Amino acid sequence: MTEGPNAGKFLFSADTLGRAETFYNQVRDLPDRRPVPLEDIVALRELMPGWMIPIATIKQLPHWMTRVVLDQAVWKWIATLLLILILVTVIRLARRLLNHSTHSGDTVLSYVNRLALPILVIALMKPAAYLITEQINFIGDMARAANLITNTIIYVLATWVVWLSALMRRN
């Protein structure tokens, strides 16, 4: 801006911000005009973990695990799949334990037993989303997708819990 209260500032429209990735892709392979402290910040973000995972561990991974597939390093996909596998195992184990202690009929204990599994899954979803987006460090669309999926699961199960609670109050 050359005039007014924003004189001397660079202002960007929403359209310009929406096209930032396109602009970046047009210049990403051009040589730097002067030395920069970080060679490729985007590649660094695609590879690096959160604070709980030591960077030294990532640097020791085989080269194929540091390759980028769908904007994420392969090690991030593997870690996410392992996390999902652990979550599914915990949920299945809890379901099996709850099925063994099934109470029949419309007793309060029966409803509490039916509420336990969705409440457990709700309790696991936010930590899972945190691990995926902040520690495994998914970025971009995949991070947004992880948050969308976990929030959808939470809302659907919360609706189920409310419905079961309403049934319990009715009896």
### Message
Can you tell me which of (1) surrounded by 14 or more Cβ atoms within 10 Å (Cβ to Cβ); (2) out of contact with any Asp or Glu (no Cβ under 7 Å at 6 or more places or on another chain) is the one Ile139 doesn't meet?
### Response
(2)
## Note on the structure
So the helices (runs of 4 or more DSSP H) completely within the range 54-156 holding 1 or more residues that are modelled with pLDDT of 95 or more are 74-100, 108-130
### Task
Could you check how many residues of the range 40-60 are of a type outside the set (D, E, K, R), closer than 16 Å to Ile132 by Cα and either in contact (Cβ under 8 Å) with a residue 24 or more places away in the chain or in contact with a Lys or Arg (Cβ under 6 Å, 6 or more places away or on another chain) (or both)?
7
### Query
Is there a residue in the range 122-133 that is surrounded by 14 or more Cβ atoms within 10 Å (Cβ to Cβ), of a type in the set (Val, Ile, Thr) and either under 22 Å from Thr159 (Cβ atoms) or in contact with a Phe, Trp or Tyr (Cβ under 7 Å, 6 or more places away or on another chain) (or both)?
yes
#### Entry: Matching residues in the range 61-81 - criterion: being touching a residue at least 12 places away in the same chain (Cβ under 8 Å) and surrounded by 15 or more Cβ atoms within 10 Å (Cβ to Cβ)
Met65, Thr66, Asp71, Gln72, Ala73, Trp75, Lys76, Ala79, Thr80
### Query
Residues Trp64, Trp75: which one is more than 20 Å from Ala143 (Cβ to Cβ) and in contact with a helix residue (DSSP H, G or I) (Cβ under 8 Å, 6 or more places away or on another chain)?
Trp64
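The values are calculated or read from the model by the stated rules, or taken from the named source; none is laboratory data. Predicted model, so just to flag it, every value in this text is computed and none were measured. Cβ: placed from backbone, ideal geometry, glycine included. Neighbour counts: every protein chain shown.
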